[in-house]
Amino acid sequence: MSFTPVLAPYPLARPRRLRQSAWSRDLVAENRLHVSDLIWPIFVHDRDIAREPIRSLQGVDRLSITEAVKEAKEARDLGIKVLALFPHLDERLRTVDAKAAIDPNGLIPTVCRAIKSEVPDIGLLVDVALDPYTDHGHDGLLVDGKIVNDATVEMLIQQTLVQVEGGADIVAPSDMMDGRIGAIRNALEATGHHDTLIMSYAAKYASAFYGPYRDAIGVKALKGDKKTYQMDSANSDEAVREVAIDISEGADMVMVKPGLPYLDIVQRVSETFKVPTFVYQVSGEYAMIKAAVEKGFMDHDRAALETLLAFKRAGASGILTYFAKHVAQLLRN
């Protein structure tokens with residue numbers, strides 16, 4: 001049953017009455033941004049350097065394990081509940097078979113253990129995909145020029161288990177292989193990891209906005225493109241099908257990626273499925289704002305807050321954003 005609002009004519013109705021002061025605007029705000037909405041993606045590396053600036057992501061560094069622990073403590077103190085971990089590996093560890101992804105003593109399991117030993121009450125989200133570990137930069141195994149689905153899924157299962165055994169709380173398959181959510185959920189159940197959360201990158205589009213991220217994880221030259229597994233930006237119904245499949249296979253939460261160019265998808269997914277729906281404000285979105293601010297074209301804090309509120313308005317339960325630490329400080333102040 002639809003609701004038809006009753007509207008008084010001017011001058012009985014003056015909508016500006018509600019906008020005339022800061023307190024009245026706050027009083028009737030329809031959406032609010034809270035620090036608990038934020039997931040902070042951080043990049044960790046295996047080099048003996050505390051912090052290494054990422055050229056294409058102004059203000060974002062690759063961190064040593066020690067620095068990652070420090071940042072986890074600060075995140076907790078700011079009220080950020082979850083960190084998302086992404087690796088930058090030595091090039092010599094990147095291979096065609098991505099074997100470093102399933103090393104129980106690899107970078108991500110080691111970082112998880114280090115953070116959990118010092119900051120046990122912060123949630124750790126880990127990426128499940130092979131692109132940081134392959135020498136060709138793809139999210140899956142490449143055989144005769146094609147990404148093979150089922151063999152990749154077997155690798156993703158192994159990658160998931162070593163990360164969860166290292167201390168990860170949420171596994172986030174970002175690879176877009178068919179059937180991987182069900183396979184991972186079954187493996188988690190079979191190994192006793194009943195409480196591990198899955199946040200599926202359910203609607204991940206083949207996007208131009210990922211460039212700085214690939215720089216951050218050290219993908220030098222992607223061989224071909226990712227359009228055979230990531231989604232076509234022309235499609236919306238396809239996103240609904242993908243999300244439905246992942247929920248049916250055992251995903252606890254779903255994600256839309258990128259963010260701002262796909263607000264319609266965020267809204268459609270959140271309204272259709274009524275499950276926790278997250279959105280990733282990706283590297284290209286962040287870099288564009290930083291570049292515009294550097295040129296003096298916009299205000300940094302207003303732009304950051306406005307874009308994050310747009311995600312909340314579209315129905316997002318939470319947001320992965322490189323602005324998380326700075327915005328948490330703004331919200332505290």
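The values are calculated or read from the model by the stated rules, or taken from the named source; none is laboratory data. Remember, predicted model here, so these are calculated numbers, not experimental data. Cβ coordinates were reconstructed from backbone atoms using ideal geometry, including for glycine residues, and neighbour counts include every protein chain displayed. Accessible surface areas use protein heavy atoms only, side chains included; no ligands, DNA or RNA. Shrake-Rupley method; radii C 1.70, N 1.55, O 1.52, S 1.80 Å.
Does Thr321 fit the bill of being under 30 Å from Asp90 (Cα atoms) and in contact with a Pro (Cβ under 9 Å, 6 or more places away or on another chain)? Here the answer is yes, as Thr321 does meet what is asked.
Criterion first (of a type in the set (D, E, K, R) and free of Cβ contacts under 8 Å to residues at least 12 places away in the same chain) does Asp252 satisfy it? No; evaluated as a whole, the condition is false for this residue.
Answer with yes or no whether Lys116 is touching a residue at least 12 places away in the same chain (Cβ under 8 Å) and touching a Gly at 6+ places or on another chain (Cβ under 7 Å). In short, yes. Taking the listed residues Ala203, Ala187, the one that is closer than 23 Å to Val82 by Cβ, in contact with a strand residue (DSSP E or B) (Cβ under 9 Å, 6 or more places away or on another chain) and either without any contact (Cβ under 8 Å) to a residue 60 or more places away in the chain or not charged (D, E, K, R) (or both) is Ala203, with no other qualifying. For region 195-228, the set of residues classified as closer than 22 Å to Asp46 by Cα and not in a loop (DSSP other than H, G, I, E, B) consists of Gly211, Pro212, Tyr213, Arg214, Asp215, Ala216, Ile217, listed by residue number.
So Arg55 fits all but one of (1) under 15 Å from Tyr213 (Cβ atoms); (2) open to solvent by 10 Å² or more (accessible area, probe 1.4 Å); (3) touching a Phe, Trp or Tyr at 6+ places or on another chain (Cβ under 9 Å); (4) of a type outside the set (S, T, N, Q); what number is the exception? Against the list (1) under 15 Å from Tyr213 (Cβ atoms); (2) open to solvent by 10 Å² or more (accessible area, probe 1.4 Å); (3) touching a Phe, Trp or Tyr at 6+ places or on another chain (Cβ under 9 Å); (4) of a type outside the set (S, T, N, Q), Arg55 comes up short only on (3).
Mind checking which pairs have a first residue in region 88-106 that is more than 18 Å from Thr160 (Cα to Cα) and a second that is in a helix (DSSP H, G or I) and open to solvent by less than 30 Å² (accessible area, probe 1.4 Å), Cβ under 6 Å, 6 or more apart or different chains? Correct list of pairs: Leu93/Ala100.
Of all residue pairs spaced 6 or more apart or on separate chains, none has beta-carbon atoms under 8 Å together with a first member in region 22-33 that is under 22 Å from Ala316 (Cβ atoms) and in contact (Cβ under 8 Å) with a residue 12 or more places away in the chain and a second member that is open to solvent by 100 Å² or more (accessible area, probe 1.4 Å) and part of a loop (DSSP other than H, G, I, E, B).
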